[in-house]
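Here's the structure we're looking at; comments come further down.
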Amino acid sequence: MNISGETMIFKNDRGYSTTISNKKEDGSYENMFIPVNFRKGIELLNKTKINVINGFLSFYKTKDGLAKVKMVITDFEQNESNEYEITDSSELPFWWR
């Protein structure tokens, strides 16, 4: 199954993930995080929005032998809104008074 479209990538000390949501009958939502693998050398910040051009679902097994779904992204574009990381020394694109 090929995957494409926009998603937000989360980063923590264990790696990358994304999330999917399910709307329940009572109108509330439940979320599930899915681990994401990229090609070697890809580095993204936490909460980076990307447009997946090519990806697919795969799986891995836990140490208990349970199969878990993961997403493998082979080609993507980073959304323009992520081009700026603001630090104390950043030049802001607006005036601050």
Amide hydrogen neighbours beyond the local backbone of Ile34, cut-off 5 Å, H modeled: Thr18, Thr19, Ile20
Taking all pairs of different Cα atoms in the stretch 2-81, averaging 1/r and flipping that mean, what Kirkwood radius in angstroms comes out? 13.7 Å
Give, as a single signed number, the net charge of other residues whose beta carbon lies under 10 Å from the beta carbon of Ile9, with Lys and Arg counted +1 and Asp and Glu -1. +3
Taking the beta-carbon count within 10 Å as an exposure proxy, list Thr48, Thr62 from fewest neighbours to most. Thr62, Thr48
Under the rule of at least 5 residues apart or a separate chain, name every residue whose amide H is placed under 5 Å from the amide H of Leu44. none
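How charged is the neighbourhood of Tyr60? Take every other residue with its Cβ under 15 Å from the Cβ of Tyr60, and add Lys/Arg as +1 and Asp/Glu as -1.
Numbers: positive: Arg14, Lys61, Lys63, Lys68, Lys70; negative: Asp64.
Net local charge, Tyr60 excluded: +4.
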Return the sequence-ordered ³J(HN,Hα) values of the stretch 49-60 in whole Hz as given by the Karplus equation 6.51 cos²θ - 1.76 cosθ + 1.60 applied to θ = phi - 60°, using x for Gly and Pro. 8, 10, 10, 6, 8, 8, x, 8, 8, 9, 8, 9
Where in the stretch 1-32 does the amide nitrogen come within less than 20 Å of the point 7 Å from the Cα of Phe56, taken along Cα to Cβ? 1-6, 18
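May I ask you to derive the FRET efficiency for Asn37 and Glu80 from their Cβ-Cβ distance with R0 = 25 Å, giving the value to the nearest 0.05? Display every interim value, and only then the final one.
Working: r = 24 Å, r/R0 = 0.97.
After rounding, the FRET efficiency stands at 0.55.
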Name the residues whose placed amide hydrogens come within less than 5 Å of the amide hydrogen of Lys49, ignoring near sequence neighbours (fewer than 5 apart) on the same chain. Ile9, Asn79
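Here, each number is a calculation from the coordinates, and none is a lab measurement. Note that this is a predicted model, so its numbers are computed, not measured. In this analysis, Cβ positions are derived from the backbone assuming ideal geometry, glycine residues included, and neighbour counts consider all displayed protein chains.
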